[in-house]
1. Quick check on my filter: what residues within the range 47-72 are closer than 26 Å to residue 160 by Cα and polar (S, T, N, Q)?
2. Please work out if residue 173 is surrounded by 14 or more Cβ atoms within 10 Å (Cβ to Cβ), modelled with pLDDT of 95 or more and under 22 Å from residue 39 (Cβ atoms).
3. Go through (1) touching a residue at least 60 places away in the same chain (Cβ under 8 Å); (2) closer than 15 Å to residue 127 by Cβ; (3) among the polar types (S, T, N, Q) and name the single condition residue 158 misses.
4. Just to be sure I understand, how many residues within the range 24-53 are within 11 Å of ligand 2 (Cβ to nearest atom) and of a type in the set (S, T, N, Q)?
5. Residues of the range 100-131 being charged (D, E, K, R) and either assigned to a helix (DSSP H, G or I) or without any contact (Cβ under 8 Å) to a residue 60 or more places away in the chain (or both), which ones?
6. Any residue at all in the range 62-83 that is modelled with pLDDT of 95 or more, touching a helix residue (DSSP H, G or I) at 6+ places or on another chain (Cβ under 6 Å), away from ligand 2 (no atom under 16 Å from the Cβ) and assigned to a helix (DSSP H, G or I)?
7. Suppose we filter the range 109-118 for residues that are under 20 Å from residue 173 (Cα atoms), within 14 Å of ligand 1 (Cβ to nearest atom) and surrounded by fewer than 23 Cβ atoms within 10 Å (Cβ to Cβ); how many remain?
8. Which residues, counting only those in the range 76-103, are under 20 Å from residue 17 (Cβ atoms) and more than 8 Å from ligand 1 (Cβ to nearest atom)?
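The values are calculated or read from the model by the stated rules, or taken from the named source; none is laboratory data. Everything numeric in this text was worked out from a predicted model, so none of it was measured. Note that each Cβ is placed from the backbone with ideal geometry, even for glycine, and that neighbours are counted across all protein chains shown.
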Amino acid sequence: FSPSKVTVLFVLGGPGAGKGTQCANLVRDYNFTHLSAGDLLRAEQDRPDSEFGQLIKDYIKDGKIVPMEVTVQLLENAMTDVVKQAGGKGKFLIDGFPRKMDQALKFEETVVPSKFVLFFDCPEEEMQKRLLKRGKTSGRTDDNEESIKKRFKVFVDTSMPVVDYFRKKNQVVQVIATKSPDEVYKETKEKLEQRLG
Ligand code: UP5
Ligand code: MG
């Protein structure tokens, strides 16, 4: 894709930081297309003739990062569909990706460079509370204490380096994600509008 026609913002933050919740607000107000890498992987996992179903299932339960070829391909396919429909243009929130350096480099090299990263910063204690609460009804195989612990470790060890990489390039818009969803959204809008100009 050409960056003059296709805009990508990466949306990062720990498990339960509120990425999905805030993306839904941004879609409503700014006409973005929201693509959650986790949602795409879960859909692929449930597709009957997927060759990656079992692999994805195992990785997600353990909070491990699915080999990037699978995820990058799913994202690229989804983006292609949207861009085709929209006459060559697109404005995407890519949620929960890239969460490992190799994915970041691969995507920016082979798909399109991102404009910047929207980073939701939230303490583990708060994220754990949210995920355990959601786990009562979500049916997500990784919303339990054991998987959450693994997800947090992978986030710190593997995904924070991605945020730091973009921070060094001055491409991170950071929002404190501890407060209520409405308050977090207010800060998100302010910072986003500043950055988008
Ligand atoms: N909630 C939200 N905001 C709140 C607020 N301000 N105050 C109080 N409650 C708030 O929110 C989580 C919960 O908190 C909800 O119940 C919400 O109502 C409440 P949500 O908006 O869903 O947060 P989000 O950050 O999107 O949390 P999510 O659990 O989706 O984050 P993860 O990053 O862990 O999950 P994701 O789906 O992105 O990835 C899952 C797994 O897929 C990964 O662990 C990995 O195994 C795999 N994966 C890959 O392998 N590669 C990838 O590239 C991406 C994923
Ligand atoms: Mg999410």
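1. 71
2. Spelling it out, it is not the case that residue 173 is surrounded by 14 or more Cβ atoms within 10 Å (Cβ to Cβ), modelled with pLDDT of 95 or more and under 22 Å from residue 39 (Cβ atoms).
3. With (1) touching a residue at least 60 places away in the same chain (Cβ under 8 Å); (2) closer than 15 Å to residue 127 by Cβ; (3) among the polar types (S, T, N, Q) applied to residue 158, the lone miss is (2).
4. Of the residues in that region, 1 qualify.
5. Answer for the range 100-131, where residues must be charged (D, E, K, R) and either assigned to a helix (DSSP H, G or I) or without any contact (Cβ under 8 Å) to a residue 60 or more places away in the chain (or both): 102, 106, 108, 109, 124, 125, 126, 129, 130.
6. Yes, there is a match, as at least one residue in the range 62-83 is modelled with pLDDT of 95 or more, touching a helix residue (DSSP H, G or I) at 6+ places or on another chain (Cβ under 6 Å), away from ligand 2 (no atom under 16 Å from the Cβ) and assigned to a helix (DSSP H, G or I).
7. 1
8. 92, 93, 94, 101
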